[in-house]
Structures are given as structure tokens and as C-alpha cells.
Amino acid sequence: MRHKVSTFLYIIALIVITMGAASCSDPRTYNQYRSVSLQGWSRNDTLSFDIPRQWEGHYQLDLCLRATQTYPYRNISMIMDRKVIYYKQHKKQEKTYSDTINCEIINDKGILVGQKGISNTEIRQAITAFRLNRNDSMHVTIRHIMSRELLPGISDVGIRLLKNKY
């Protein structure tokens, strides 16, 4: 009887270790969306994201958009401002970066690009790769710089932070 119990415990331990190893394969450390007004994304609406403190390593920042067929242009232009907050020897230091992003929404054939959903599409675009030290955090803001004041067809804007494994 004792042999059966120990074999059973070994099998359970093997299952737990296998599940634990498989569950750690997602490199995302931050993935957040902000909804945009149904009437349209106003040029004055700046979307803000506060990325909490991270572990030391190399990261990639992606921009994510959800768009519908009602979007009036082929591309969208945006400004992304990133403020990286460094914590060195208990002192807080900040460094600001600004990126201009041009993202294709509708291709030459008039079809939405990206991963298609039921009523919209999700577009992901890599923005930059960088290194963070332990306990560094970020504040990211995004706004569009298109000619129209209200930009219909964009339902959500998000960012995703991935930790590279090298």
C-alpha cells in the first residue's frame, strides 16, 4: 500500500512541475487597452498607460489598435511619448522618448489588416526594443495627429510590453 501512495505522489508532482513549466511561456508583462469614444477619437484625447515596475531585462513595446471598416483613411499617424522612470540608489530619475507612429489600417484592396474579429480587426505594431533595470517603470501616452478632429472607426488603443528571453 505504501508503494502505491508514493507512486501516486510522484505522478502528482510530475504533473504539477509540467504544468508550472508550461504556464511560464507567455512573455507579456503588460497588456492594456483604453476605449475610445464611439463618436470618434478626438485629437485632444490623450490615452495614458502606467506600466508598473519591471524585472531587469530586454523588453519590446508594441502598439495595439482595434479598428472597424468605418475608419476613413488607409493609415493612422500617432505620437507616443514614453517616460521611463529609473530607480538608482533610491533616487528617481526620468528619461522621455517620443515616437511618431504610422500604422496601416486598410490595405490597397480596401480590406482591414491585422487579426480579424467579428466586427473589427486587431492590429499590433512593434514600436521599440529597450533594456530596463530592476524596478524601472514607464508612463506612456498616445494621441493621434490626423487632420480630422474626430476620428471614427478606432474603438480601442492599447500597448503591450513583452520581455525578451535573451
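Read the figures in this text as sums done on the coordinates, not as results from a lab. What you see is a predicted model, and the numbers here were worked out from it, not measured in a lab. Every residue, glycine among them, receives a Cβ derived from its backbone with ideal geometry; neighbour counts consider all protein chains shown.
Observations on the model:
- Selected from Pro52, Thr70, Thr121, residue furthest toward positive end of dipole (the chain; charges at beta carbon): Pro52
- Nitroxide proxy distance, nm - points 7 Å out along Cα→Cβ at Arg143 and Thr46: 0.5 nm
- Subset of Lys88/Lys163; Lys92/Lys165; Lys83/Lys109 violating a 30 Å alpha-carbon distance limit: Lys83/Lys109
- Volume per residue of the C-alpha convex hull in the chain, rounded to whole Å³: 183 Å³
- Between segment 19-91 and segment 134-166, the alpha-carbon center distance in angstrom: 4 Å
- Farthest towards the positive end of the charge dipole of the chain, among the residues Gln39, Ile154, Ile85, is the Cα of Ile85, using unit charges on the Cβ of Lys, Arg, Asp and Glu.
- Three principal axis extents describe the C-alpha atoms of segment 33-117; from largest down they are 54, 28, 22 Å.
- Student exercise, the chain dipole from Lys, Arg, Asp, Glu Cβ charges, in Debye to nearest 20: 600 debye
- Highest mean packing first, where packing is the average number of other Cβ atoms within 10 Å per residue, the peptides 96-108, 56-68 line up as 56-68, 96-108.
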